[in-house]
Amino acid sequence: MSNKYKIALIKGDGIGPEIVNEAVKVLDAIASVENISFEYNEYLMGGCAVDVFDNPLPADTITGALNSDAVLFGAIGGPKYDSLPSEKRPETGLLKLRKSLNAFANIRPAVIFDELTAASTLKEEVIKGVNLVVVRELTGGIYFGEPREKKEDVAYNTMIYTKDEIKRIAKVAFDQAMKRDKKVTSVDKANVLEVSKLWREVVEEIAKDYPEVSLEHMYVDNAAMQLIRNPKQFDVILTGNIFGDILSDAASMVVGSIGLLPSSSIGGKVGLYEPIHGSAPDIAGQGIANPIATIMSASMMLRDLGEVKAANRIDDAIKAVLKEGYRTHDLANFDAKEVVSTEEMGSLIAEYATK
Ligand code: IPM
Ligand code: MN
């Protein structure tokens with residue numbers, strides 16, 4: 001009997017469909033050599049769902065996601081939808097999906113590929129060996145806080161965290177640290193914000209349960225600077241929703257391309273797996289998007305499903321393909337022996353993953 005997984009595919013907008021298709025190609029290749037199989041069901045979310053249902057997150061998509069073993073998602077959004085009221089915006093669909101899945105922990109690893117050290121705008125000696133993970137709280141903070149309102153002359157949002165919300169995300173970060181270099185950097189703005197003061201207290205409390213893990217606190221402005229100055233000092237960065245959003249984009253540039261950062265959003269029964277980048281409408285449909293972040297997200301998905309060998313196959317295949325000198329357009333200038341399309345990159349990784 002093979003392990004069969006029901007995967008909800010949410011391709012989304014812009015480059016979303018192209019990159020998810022390549023991840024599916026790789027998953028299917030894996031299924032042909034490992035004892036696993038996949039049943040895919042496609043659902044709409046984002047601008048494409050607004051076009052059809054006038055709703056960025058149709059009920060069907062929520063039900064479908066909740067009734068699957070995992071959700072693999074591409075990207076959403078585009079200029080066409082930018083002037084819509086906030087409840088109709090594609091981003092609102094994604095935020096609601098994260099909330100519906102109770103995916104409160106967003107894990108964003110930033111690991112440098114040796115082959116791509118030249119792709120970073122930072123010096124090679126600064127970034128060689130970077131291996132960090134941002135653990136971002138995903139279903140609270142200023143993204144969701146009430147009250148929120150935009151009036152004619154004034155607008156406001158609320159950054160709010162309960163003790164329980166901080167506890168559960170801190171635990172995820174410390175658990176990650178136990179599997180890694182046993183260091184947590186908790187990022188906040190405790191010199192200004194009350195919510196950050198509580199954040200610090202609760203993180204300190206959780207740290208007591210992990211005597212082997214060293215904990216430091218860092219203000220978010222300093223953390224942004226340190227990420228660029230000396231990213232190797234970080235192991236696990238634990239932070240809230242908006243700080244994590246910002247710092248993970250910065251971390252992606254440390255490792256060379258935003259097309260290389262995968263993520264998992266976990267905490268509920270069903271995990272959500274997506275690249276951290278957006279829908280890049282300016283390059284959609286041209287076959288030049290980098291599918292690697294999405295393929296790596298599929299690998300994170302397999303690992304969480306317990307399919308470690310299959311996940312390793314994907315990770316090794318990506319490394320091998322990059323080592324051979326294949327590059328998508330975003331990385332064309334960096335030791336490329338051959339510049340390949342989105343589809344070609346997917347096929348290469350699929351081929352190497354079955355070796
Ligand atoms: C991300 C994105 C989203 C976020 C947007 C699209 C709502 O930037 O996943 O990082 O801010 O969380
Ligand atoms: Mn972001």
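Each value in this text was obtained by applying a stated rule to the coordinates, not by laboratory testing. Note that the coordinates shown come from a computational prediction; the quantities given were computed from them, not determined experimentally. Backbone-built Cβ (ideal geometry, glycine too); neighbour counts: all protein chains shown.
Brief remarks follow.
- Segment Asn191-Val111, length gained on full extension (0.36 nm per residue, minus Cα span): 25.8 nm
- Mean residue ellipticity at 222 nm, helices only, the chain: -12500 deg cm²/dmol; runs of at least 4 DSSP H residues each add -39,500 (n - 2.57), and the sum is divided by the number of residues.
- Rounded to 5, percent antiparallel among DSSP beta bridges of the chain: 30 percent
- Estimated D of the range 274-355 in µm² per second, where Rh is the Kirkwood radius over Cα pairs and Stokes-Einstein applies at 37 °C, 0.692 mPa s: 250 µm²/s
- Cut-off under 5 Å, modelled amide H: who pairs with Val134 long-range: Arg108, Ala110, Ile237
- Considering every alpha-carbon pair of the range 17-122, the percent of pairs per 5 Å bin, from zero through the bin containing the longest distance, is 2, 10, 17, 16, 18, 15, 11, 8, 3, 0.
- With coordinates expressed along the principal axes, the C-alpha atoms belonging to the chain extend over 52, 50, 45 Å, beginning with the largest.
- The slack in the chain from Glu39 to Asp209, taken as 0.36 nm per residue of separation less the alpha-carbon distance, amounts to 57.2 nm.
- The range 106-258: equivalent-ellipsoid semi-axes (sqrt of 5 x gyration tensor eigenvalues, Cα, Å): 27, 20, 12
- A simple charge model with +1 on the Cβ of Lys and Arg, -1 on the Cβ of Asp and Glu and nothing else charged puts the dipole of the range 106-258 at about 200 debye relative to its Cα centre.
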